[in-house]
1. For ALA67, are the conditions met, namely being among the hydrophobic types (A, V, I, L, M, F, W, C), closer than 22 Å to ILE123 by Cβ and either in contact (Cβ under 8 Å) with a residue 60 or more places away in the chain or buried (at least 19 other Cβ atoms within 10 Å of the Cβ) (or both)?
2. Just one of the numbered conditions (1) at pLDDT 90 or above; (2) not aliphatic (A, V, I, L, M); (3) not in a helix (DSSP H, G or I) is not true of GLY90; which one?
3. Could you count how many residues in segment 17-40 are crowded, with 18+ Cβ neighbours inside 10 Å and either of a type in the set (Asp, Glu) or closer than 14 Å to GLY105 by Cβ (or both)?
Amino acid sequence: MLPAPRRRSWLEVRLRQARNPPLPVLRAVLADLAVASLGGLLLVLYDLSLARGLDAPANDLRGPLTALYVAVVVIVGSSLTWLWVELPSGATGRRRRTPWAALLGFFAALPISYLVLVVAFDIVRPLLGV
């Protein structure tokens, strides 16, 4: 008779999950992270140009641009995830695109866009300095 498998702690389970993420989740996170990183870089460059005295054609647009940034990350990230993540359809083994893939990208986009904004404005911008 085989001995019972060793019970893993909560931390061991989470570390194993972090080392071996499901492929659809990884693809959703990478698609959203790519879009969010590019948008965050553009927002930091705009903020630095305003801080260095660039005369903008309109008033300060950092607030509306940040809202637009989140909307673009959600829409483009969800669309890229829908294109990139094919979900299995069950017993037939065929893979197909479903709205669930886009929903996966949507739910990944919201926290990723926030985290990229935090990193961009609280870490990267002070390093670039003004």
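1. On the way: among the hydrophobic types (A, V, I, L, M, F, W, C): yes; closer than 22 Å to ILE123 by Cβ: yes; either in contact (Cβ under 8 Å) with a residue 60 or more places away in the chain or buried (at least 19 other Cβ atoms within 10 Å of the Cβ) (or both): no.
Here the answer is no, as ALA67 does not meet what is asked.
2. Only one criterion is unmet by GLY90, namely (1).
3. Selection size over segment 17-40: 9.
The values are calculated or read from the model by the stated rules, or taken from the named source; none is laboratory data. Since we're looking at a predicted model, the values are computed, not measured. Neighbour counts run over all protein chains shown; Cβ positions are idealised from the backbone, glycine included.
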